[in-house]
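Trainee: Before we start, here is the structure in question, set down as structure tokens.
Values in this text are rule-based calculations from the coordinates and carry no lab data. Everything quoted here is computed from the prediction, not taken from an experiment. All Cβ positions, even for glycine, are placed from backbone atoms using ideal geometry, and neighbour counts span all protein chains on display.
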Amino acid sequence: MTEGEDQMRLGRLRTLRAAITGLIAGAAAFLCAAAAQAQTPVRFSLDWRWEGPAAFFAVALDKGYFKAEGLDVTIDTAAGSREPIARVAAGTHDAGFGDVNSLVRFRDENSDAGIKAVMMIYDRPPFAIIGRKSRGISTEVSSLQGKVFGAPAGDAAFAQWPIFKSVNKIDDSTMKFENVGFPVREPMLAQGEVDAVFGFSMSSYINLKSRGVPTEDIVVLLMSDYGVDLYGNAIVVSEAFAKEKPEAVRGLLRAITKGLQDTVKDPSAAVDAVLKRNEAAKKEVELERLELVLEQNVLTPWVKTNGLGGIDTERFARSLEQIGLTFKYKNKPTVEDIFTDVFLPAADQRKVN
């Protein structure tokens, strides 16, 4: 073979290689585009800001758990655990993280509300009354008499006050409840403008500490320690969305489960995922907040035995009875009206250590 022929042969090989490379790149681009088109969009509502307790959602996003399930999930913050219920019912969001007790009331007041809980996250609710010893508050319910409370109208904890006072036989005629905004709730308590506030235990406690209130001056009355036998926040979904795209709901719950399991294994790393979304957050504050919610609300003895996400149906039935102590049902729901476990991962996939 002459030198010229050899050069021609090499030229043809280069051309062929370039063509093959182009075909491969084109095929890869086509597959990526197809994969992108296959992603099911899901708009999801948190119950609050990006803080420690929301870490497992951030983990699921950052580790690609949603995308691995074929989901393009957008997560929005909210102004309380009742707001996701209204958002999903209104159709602006496909799913959310909201208070299941608010869901019970909302469905009864709005018979056409197509929304249901599909995964329980807070097996024990964080509803609490948070006060200060220096303002006369103690762990005795009698200490609440004659006191002034900061009570945000949209707060899920304050929504349980009628149950709390009914179970504990409290006459609240000597008590004053001031409707305060969420941003000023803890500042008002820290400054002594109110004696106690209603809120989620992990949030109000940590917020008070961060404002310089000594821990020995903070009193937390967890309502679940005082006869309030309710559940807390759950993943809720639009029933229309679940009917149209059941596999998307199953994928959503698988991804959330993985994110939560990772968060339990390494809370510190999980909080780092939150800090990327909230520049004002401090790691030590959000890590303590997350660890509190895991200990008090998520990793209960029942969950350690049975796994994440499910419910004790007998207990849930009792909670419906308890809600009925102070809320007059138009049409009392069954457990199945409010919660379904058909979209949950298998039990062995929901275990936590």
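Trainee: Could you identify which residue out of Q191, Q322, Q39 has the top mean-square fluctuation in a GNM of the chain using Cα springs shorter than 10 Å?
Mentor: Top of the fluctuation ranking is Q191.
Trainee: A further question on this structure: Mind checking which of A68, A86, A117 has the largest fluctuation in a GNM of the chain, springs on alpha carbons under 10 Å?
Mentor: It is A68.
Trainee: Based on the Cβ-Cβ distance of A68 and N353, what FRET efficiency does E = 1/(1 + (r/R0)^6) give at R0 = 25 Å, to the nearest 0.05?
Mentor: Once the sixth-power term is evaluated, E becomes 0.65.
Trainee: Moving to a separate point now. Are any of the pairs K209/K276; K67/K351; K63/K116; K304/K328; K116/K265; K133/K165 more than 32 Å apart by Cα-Cα distance, and if so, which?
Mentor: Those over the limit are K304/K328.
Trainee: I would also like to ask the following. Mind listing the long-range amide H neighbours of V73? Cut-off is under 5 Å, sequence gap 5 or more, other chains count too, H placed in the peptide plane at 1.01 Å from N.
Mentor: V42
Trainee: Identify which of the listed values of Rg and Dmax of the Cα atoms in Å was calculated from the structure shown: (i) 25.3, 108; (ii) 19.0, 59; (iii) 19.6, 73.
Mentor: Only one listed value fits the structure, namely (i).
Trainee: A follow-up question, please. If I build a Gaussian network model for the chain, linking alpha-carbon pairs within less than 10 angstrom, which residue out of P126, P301, P53 has the largest mean-square fluctuation?
Mentor: Ranking P126, P301, P53 by mean-square fluctuation puts P301 first.
Trainee: Then there is this: Please compute P(r) over all alpha-carbon pairs of the range 127-226, binned at 5 Å starting from zero, and give each bin as a whole-number percent.
Mentor: 2, 15, 28, 30, 18, 7, 1
Trainee: Any idea how far apart N168 and E244 come out in nm if each label point goes 7 Å out from Cα toward Cβ?
Mentor: 4.5 nm
Trainee: Under 10 °C and 1.306 mPa s, how fast does the range 115-157 diffuse according to Stokes-Einstein, given a Kirkwood radius computed over C-alpha pairs? Answer in µm²/s, whole number.
Mentor: Answer, rounded: 121 µm²/s.
Trainee: Now for a separate question. Taking Rh as the Kirkwood radius, which is the inverse of the mean 1/r over Cα pairs, what is the Rg/Rh value for the range 233-353?
Mentor: 1.02
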